[in-house]
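Chemist: Just passing along the structure, written as structure tokens.
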Amino acid sequence: LRRRAELAALYAAELAAVEGLVLPRSLAGAEPVWQSYVVLLPASVSRDAVARRLREDGIEATLGTHAVSAQPHYQARARRLSASLRAYETSLSLPLHPRLSDADVRRVASALRAALRGAGEARGADGA
């Protein structure tokens with residue numbers, strides 16, 4: 001658990017200055033287990049495009065959370081919950097396991113920053 005906490009702290013330091021990126025945080029006095037490190041991307045960025053770019057760089061990043069109201073079975077039955085849908089659409093889970101080195105975390109953070117810059121440039125190029 002200590003190593004996961006160290007890695008989470010390193011991610012936080014490496015990603016703190018990324019505009020629009022929401023980092024996980026813990027409540028005062030809480031000791032999270034850091035099962036995962038899930039960030040929320042800016043709403044203007046495609047999570048799937050960022051994840052694809054990371055995969056191209058050899059980094060596995062996945063959907064960070066699900067929204068029940070977005071699942072086919074519930075779409076007609078549940079009311080749309082805007083906050084959970086927003087989290088579903090923008091969450092990205094970054095690699096986090098005890099065997100990661102500090103250099104690995106720095107590489108993931110650097111690749112994420114580059115992917116976000118690329119997503120911004122792509123948006124600007126097509127006018128979206």
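Chemist: Counting only protein heavy atoms, what percent of the accessible surface of segment 1-60 is carbon or sulfur at a 1.4 Å probe?
Modeler: Roughly 50 percent of what the probe reaches on segment 1-60 is carbon or sulfur.
Chemist: Separate question: Roughly how many Å² is the accessible area per residue of the chain, as a whole number, for a 1.4 Å probe? Present the calculation step by step, with values, prior to reporting the outcome.
Modeler: Working: 8030 Å² over 128 residues.
So the chain comes to 63 Å² accessible per residue, rounded to a whole number.
Chemist: Can I ask one more? How much FRET efficiency would the formula 1/(1 + (r/R0)^6) give for Glu31 and Asp102, where r is the Cβ-Cβ distance and R0 is 35 Å, rounded to 0.05?
Modeler: Calculated value: 0.95.
Chemist: Contour minus end-to-end for Ala114 and Glu6, with contour as 0.36 nm per residue of separation and end-to-end as the Cα-Cα distance?
Modeler: Residue separation times 0.36 nm, minus the Cα-Cα distance, leaves 36.6 nm.
Chemist: Using only alpha carbon pairs under 8 Å that are at least six residues apart, calculate the relative contact order of the chain and give it in whole percent.
Modeler: Across the chain, relative contact order equals 33 percent.
Chemist: Can you give the calculated 222 nm mean residue ellipticity of the chain, where each DSSP H run of n ≥ 4 adds -39,500 (n - 2.57) and the sum is split over every residue, rounded to the nearest 500 deg cm²/dmol?
Modeler: That comes out to -15000 deg cm²/dmol.
Chemist: Right, something else. Please identify, among Ser91, Ser101, Ser36, the residue showing maximal mean-square fluctuation in a Gaussian network model of the chain using a 10 angstrom Cα cutoff.
Modeler: Comparing Ser91, Ser101, Ser36 in a Gaussian network model of the chain, the most mobile one is Ser101.
Chemist: Determine Rg/Rh for the chain; Rg is computed over alpha-carbon atoms and Rh is the Kirkwood hydrodynamic estimate from the same atoms. Mind showing how you got there, number by number?
Modeler: Details: Rg = 15.6 Å, Rh = 15.7 Å.
Reported Rg/Rh (Cα atoms, Kirkwood Rh): 1.00.
The values are calculated or read from the model by the stated rules, or taken from the named source; none is laboratory data. Please read these numbers as outputs of a predicted model, since none were measured by experiment. Virtual Cβ from ideal backbone geometry, glycine too; neighbours counted across all protein chains shown. Quick note on the areas: whole protein, heavy atoms, side chains included, nothing else; ligands and nucleic acids left out. Shrake-Rupley method; radii C 1.70, N 1.55, O 1.52, S 1.80 Å.
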